[in-house]
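The values are calculated or read from the model by the stated rules, or taken from the named source; none is laboratory data. The shown structure was predicted, so the numbers you read here are calculated from the model rather than taken from an experiment. Cβ placement follows ideal geometry from the backbone for every residue including glycine, while neighbour counts extend to all protein chains displayed. Please note that ligands, DNA and RNA were not included when accessible areas were found on the heavy atoms of the full protein model with its side chains. Shrake-Rupley method; radii C 1.70, N 1.55, O 1.52, S 1.80 Å.
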Amino acid sequence: MRVARTNRSAAWLGGELPVRLRLLTTAVLISTVCAAQQPALAPTPVAPSEPAQTVTTPSATAPTRTEFHVRYVNGSNVYIDGGRNAGLTEGTKLVLKQNPTKPDKDESNAPIEPGVVAKLTVVSVASTSAVCEVVASTRELAQGEVLSLPDAEVAKIVEKNTIGNTRKYPMVVTFSEGDPLDEEVRNALPRPPLPEVNQARGRIGFDYSRIDELGQGASSSTEYGLIFRGDFTRIAGTHWNLNGYWRGNLQSSSSTEQTLQDAYNRTYLMSATYINPASRITAGVGRLFLPWASSLETIDGGYAGMQLTANTVTGVFAGSTPDPTSWSYNPNGKIGGVFFNLHGGNFENFRYSTTGGVGINMLGWAVQRPFVFTENNFSFKRYFSLYESLQLDKPTANPNTPAVGVGLGQSLVSLRVQVHPRITLDLTDTYFRDVPTYDPILVGTGLLDKYLFQGLNGGARIQFPMHITGYFSLGNSSDSSDPKASLNTLFGATMSNIWRTGLMADVRYSKFDSAFASGSYRSYSLTRDLGERLRVNFQFGNYDYTSSLAATSNSRFVNAMFDTNLGSRYFMQTMFTTQRGGTENYNQWTTTLGYRFDNRASAKRRALVHANQ
C-alpha cells in the first residue's frame, strides 16, 4: 500500500472535511492494517497423490561481480569501477592475483603469498565506484588491472544476500518524498572521511656538515642545516595540498666556496596547491613549475588560475628565478605574466594541451626581456607524443652594444614514438639564441643535458632482457652564432635487480660541442633501494668543461649516500662528497638525524574499526 503525503489545508468544496467522512476513512485504514497482520488460513487437506516434481531454488545469492578494474592510481589509493551496487562496503578485501602466463621470477608477477601479488581494502564506497588502499604489494598497481574478491569476501556477500532475501515483512509503507526513518538512520550513520583527506607523511631532520678545502690555503668549515620532505593532501579537510622537498643551511662557521652538494640543494621543489573539483579557482605558491607551461622553468612565487569552461583556464603567475639548472639563471631575476590554456581528452586515449601567454623578465625591477610564449602537447596513449614550446622576445641590449630586435629567443620540439613495447624512438630540435647562465658545476650530474645538446638530435630507448635498458642520442649542434656544426653524442645503459640483489646500475657518457661550451663527462652510479627502509646510492665520474662563460674545469667527483630508518619513527642519513681537479678540491661529510611521520596507519585502523561495526 502506498500512503501519499497530503496537504493538511486541503479544502473540501471550499470548507473542511466533514467529521463523519474523516471517521469513516480512519476506520477503513485501521481495518486494512489489521487484516494484513492476520496469519494466512491453513490449507485444505488434499488426498495423497503421485509425488510432485521437486523444484529447488537457490537460498544463497552470489554477488553480481567478483572482479573489478583499476580506473586510476594515486599513490596508495586505487580507484575501481565497482561500488555499493556490486555489494562492496567499507572494509571489503580485494586482491590482485598472479598472472598464470608469467613466471614467478618476473618482478611484475612476484607474489606476497601464493597466488597473490597485492592486497587491498575498500575505504570509501559510492554507488558505482570505490576507493581502495593498498595494504601490501610487491609492486605498483597500474590502470586496467583486474582486482578480485577472495573466497572469504564472496562468502560474506552470499550470507548477507541470503539473510536479506529470506526476511518477511507484513506491510511496506513508502513515501513520495523519502522515508523519514531511513533519512534519520542515514544522517546518524558514521562515515569515514575520504582517504586523501588529512593524509600526511614525510620527514624532518637536522643535519651537520663539515667541509675540508684542500690545496693551497686549505681550511675547514662547518654547517648546520634543516631538511624537510612532505606530502600532505586535503589539509584540515580543505582542498589545499603540500608536496615537495627542501634542504638548506641554518648556520655556517666560515665562508667557503660553493660545493656540488650546495648546488644540488638549490634545485628543490616545494609548493602548496589549491585544487577543488567543485571550484573554478586553482592556485599554487612556493617553488614550483607553472602546470600549464613548464618551459618557463622553476619560479619562486605563485600562480592563480580560473576555469572558464571545462576545457579552458586563464590566470597569472609571478616570482623569482632561483633554479641553477635554468638556462637564464639569475638569483636576482624576476618573472611575471598571464596565460591561457586549452586542454581536452584523457591519458587513456588522445589528449591535448595548448598554452599561450605574455610575460616579462626583470633584473631587480628593471625590465630585461618582454616575451610571448606558447607550449603545446599532444599524445595518444603511450604510443605517440609531440611537445613544442617557443618564446619570442626583445631583450634589452647591454650598454655600448647594438639594440636587439624582436626574434625567436628559444624553441624546443620533441617527438616520441613507441614502435614496440620495448623500443621508443625520439627526435628533438633545440634552439637558444642567447648564451646560458646556468651553474656549470652541475654539468656532470646530467641535470643540464637538455641544454648541452643544441640543434637536431635523434635517439632511442631500448629495453633488453635481463632488466637492461640502453639509450642513446646523436645529432648536430648549432645555434645562431655557431659558424660550424658539430656532433653531440650521448650513450648510456641501466641494469636493475642485478643478480636478484635489488641493485641498479647506470653508466653514461656524453660529448658536446657548441659555440658557448664544449667538453665531455662520464658518470657511473650504483643504487640499492628497499622502499623507505633503506637506500644506498654511490655515484662517481669526471667532467671536462671548457667555456668562455666559466672557468675551465677538468674535475673528478664522488658522491655517496646511505639512508635508513631507525625504528618506526626516526631515520638517519649520511652523505659524502669529494671533488678533485679544476678550481675546486674539497671533501664534504653530512650527517642527518630526523623524525618521520605517516598518518596512513591510523587511518587504516579507523577504516578497519568502521568495517567491523
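Structure above, values below:
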{"read-out": "Where a residue in region 518-546 is surrounded by 15 or more Cβ atoms within 10 Å (Cβ to Cβ) and its partner, wherever it lies, is modelled with pLDDT of 85 or more and not in a strand (DSSP E or B), with Cβ under 6 Å and at least six apart", "value": "none"}
{"read-out": "Close pairs (8 angstrom Cβ cut-off, 6 or more residues apart or separate chains): modelled with pLDDT of 75 or more in region 147-162, in a helix (DSSP H, G or I) anywhere", "value": "L149/I157"}
{"read-out": "Conditions (1) open to solvent by 40 Å² or more (accessible area, probe 1.4 Å); (2) closer than 29 Å to E584 by Cβ: number failed by T238", "value": "(2)"}
{"read-out": "Extreme residue, least open to solvent (accessible area, probe 1.4 Å), among residues of region 273-295 that are within 22 Å of G230 (Cβ to Cβ) and part of a loop (DSSP other than H, G, I, E, B)", "value": "L290"}
{"read-out": "Evaluation of T233 against (1) closer than 22 Å to N330 by Cβ; (2) open to solvent by less than 40 Å² (accessible area, probe 1.4 Å); (3) modelled with pLDDT of 85 or more; (4) of a type in the set (S, T, N, Q) (one fails), failing number", "value": "(1)"}
{"read-out": "Filter result (part of a loop (DSSP other than H, G, I, E, B) and modelled with pLDDT under 85) within region 97-110", "value": "N99, P100, T101, K102, P103, D104, K105, D106, A110"}
{"read-out": "Tabulated pairs, region 99-112, first on the phi < 0 side of the Ramachandran plot and aliphatic (A, V, I, L, M), second in a loop (DSSP other than H, G, I, E, B) and open to solvent by 80 Å² or more (accessible area, probe 1.4 Å), C-beta under 9 angstrom, 6+ apart or interchain", "value": "A110/D104"}
{"read-out": "Residue pairs meeting the criteria (Cβ under 9 Å; at least 6 apart or on separate chains; first under 14 Å from S385 (Cβ atoms) and without any contact (Cβ under 8 Å) to a residue 12 or more places away in the chain, in region 341-357; second surrounded by 15 or more Cβ atoms within 10 Å (Cβ to Cβ) and among the basic types (K, R))", "value": "G345/R351"}
{"read-out": "Residue match in region 210-224 (condition: assigned to a helix (DSSP H, G or I) and modelled with pLDDT of 60 or more)", "value": "no"}
{"read-out": "Restricting region 241-270 to residues that are surrounded by fewer than 16 Cβ atoms within 10 Å (Cβ to Cβ) and of a type in the set (S, T, Y), the residue that is modelled with the lowest pLDDT", "value": "S255"}
{"read-out": "Strands (runs of 3 or more DSSP E) enclosed by region 439-518 - at least 2 residues per element that are modelled with pLDDT of 90 or more and closer than 17 Å to Y545 by Cβ", "value": "503-513"}
{"read-out": "Total residues in region 296-324, condition closer than 21 Å to Y451 by Cα, open to solvent by less than 20 Å² (accessible area, probe 1.4 Å) and touching a Ser or Thr at 6+ places or on another chain (Cβ under 6 Å)", "value": "1"}
{"read-out": "Criterion violated by R382 - all others in (1) within 27 Å of the chain's Cα centre (by Cα); (2) in a strand (DSSP E or B) satisfied", "value": "(2)"}
{"read-out": "Qualifying residue in region 320-328 (condition: touching a residue at least 12 places away in the same chain (Cβ under 8 Å) and not in a loop (DSSP other than H, G, I, E, B))", "value": "yes"}
